[in-house]
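The values are calculated or read from the model by the stated rules, or taken from the named source; none is laboratory data. Remember, predicted model here, so these are calculated numbers, not experimental data. Positions of Cβ are backbone-derived with ideal geometry, glycine not excepted, and every protein chain shown enters the neighbour counts. The area values use the complete protein model at the heavy-atom level, side chains included, leaving out ligands, DNA and RNA. Shrake-Rupley method; radii C 1.70, N 1.55, O 1.52, S 1.80 Å.
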Amino acid sequence: MAHQLPPLPYDYSALEPYIDAQTMKLHHDMHHGTYVKNLNAALEKYPKLQSLPAEELLRDLNSVPEDIRPTVRNNGGGHVNHSMFWKIMKPKGGADPSGPIADVIKKTFGNFKDFQTKFNDAGAKQFGSGWVWLAGKPDGSVQIVTTPNQDNPISQGLFPIMGNDVWEHAYYLKYNNRRPEYLQAWWNVVNWEEINKRYEALKSGHLEPALASR
Ligand code: MN3
């Protein structure tokens, strides 16, 4: 079955005032929609690859036929990244995390505030389009990484626990060139329940439910 654009799990306006409805509509319907369309078009020639979750293709890009590899990397990445992105946000989200993700953040970064500062700084410094992530290994260790374009940490052997989109399309209508302001505001819509689920899936080795593109 072809890859599908997952429905947004809340209204376009649900993340106001932090993320505006027009940005959400364009971002989900047009940008994510286009990644899905392009991914499916690229896979038409390779029926065997169509049934794999997009994460599997990204995990081993070298096994993807060369003629579609850049398209799969960019558009498969775009599909996986955004499928996660909608889910790790929610209206009335934010506040301080609790549960296992709070514990590992404290253990790794000292406290939540220092983690936020490092995450925001990394996102602000990502040159051009890309993402800032908290990524982890099956042993439960975590680190902040950035990726250009639509690359996903999964291609480097790391699992994306959470990530923020720092492409201009994610914030420009409301924040213009003020990316740091967007990065700061974003914490108000973070869905820690979902992020805890993803972190638990990584540690337990049962990643299936966390594969966002399914
Ligand atoms: Mn985006």
(request) Find the residue count for segment 154-184, including only residues that are of a type outside the set (S, T, Y), away from the ligand (no atom under 16 Å from the Cβ) and either open to solvent by 20 Å² or more (accessible area, probe 1.4 Å) or not in a loop (DSSP other than H, G, I, E, B) (or both). (result) 11
(request) Collect the residues in segment 78-136 that are farther than 16 Å from V189 by Cβ, open to solvent by 60 Å² or more (accessible area, probe 1.4 Å) and either hydroxyl-bearing (S, T, Y) or in contact (Cβ under 8 Å) with a residue 24 or more places away in the chain (or both), keeping them in residue-number order. (result) S98, T108, T117, K118
(message) Please verify whether L61 is open to solvent by less than 70 Å² (accessible area, probe 1.4 Å), in contact (Cβ under 8 Å) with a residue 40 or more places away in the chain, within 25 Å of Q156 (Cα to Cα) and not hydroxyl-bearing (S, T, Y), treating the condition exactly as stated.
(response) yes
(request) Being among the small types (G, A, S) and either farther than 17 Å from N81 by Cβ or within 13 Å of the ligand (Cβ to nearest atom) (or both) is the filter here, so list the residues in segment 8-51 that pass it. (result) S13, A14, A21, G33, A41, S51
(request) Looking at (1) more than 15 Å from the ligand (Cβ to nearest atom); (2) open to solvent by less than 10 Å² (accessible area, probe 1.4 Å); (3) within 14 Å of N81 (Cα to Cα); (4) of a type outside the set (V, I, T), find the lone condition where E56 falls short. (result) (2)
(request) Scan (1) acidic (D, E); (2) under 13 Å from the mean Cα position of the chain (by Cα); (3) closer than 19 Å to G94 by Cβ; (4) open to solvent by 20 Å² or more (accessible area, probe 1.4 Å) for the single condition D151 breaks and write down its number. (result) (3)
(request) Looking only at segment 135-153, count how many residues are among the acidic types (D, E) and assigned to a helix (DSSP H, G or I). (result) 0
(message) Can you find a residue that is over 26 Å from R73 (Cβ atoms), at pLDDT 95 or above and within 15 Å of the ligand (Cβ to nearest atom) anywhere in segment 186-200?
(response) yes
(message) Give all pairs with beta carbons closer than 7 Å in which a residue from segment 10-32 that is open to solvent by 30 Å² or more (accessible area, probe 1.4 Å) meets a residue that is among the aromatic types (F, W, Y) and within 13 Å of the ligand (Cβ to nearest atom); count only pairs at least 6 apart in sequence or on separate chains.
(response) Y18/W186
(request) Please work out which residue is farthest from L211 (Cα to Cα), limiting yourself to segment 64-77 and to residues that are open to solvent by less than 50 Å² (accessible area, probe 1.4 Å) and within 16 Å of the ligand (Cβ to nearest atom). (result) N75
(message) Just the residues that are of a type in the set (G, A, S), buried (at least 17 other Cβ atoms within 10 Å of the Cβ) and assigned to a helix (DSSP H, G or I), please, taken from segment 185-214.
(response) A185, A201, A210
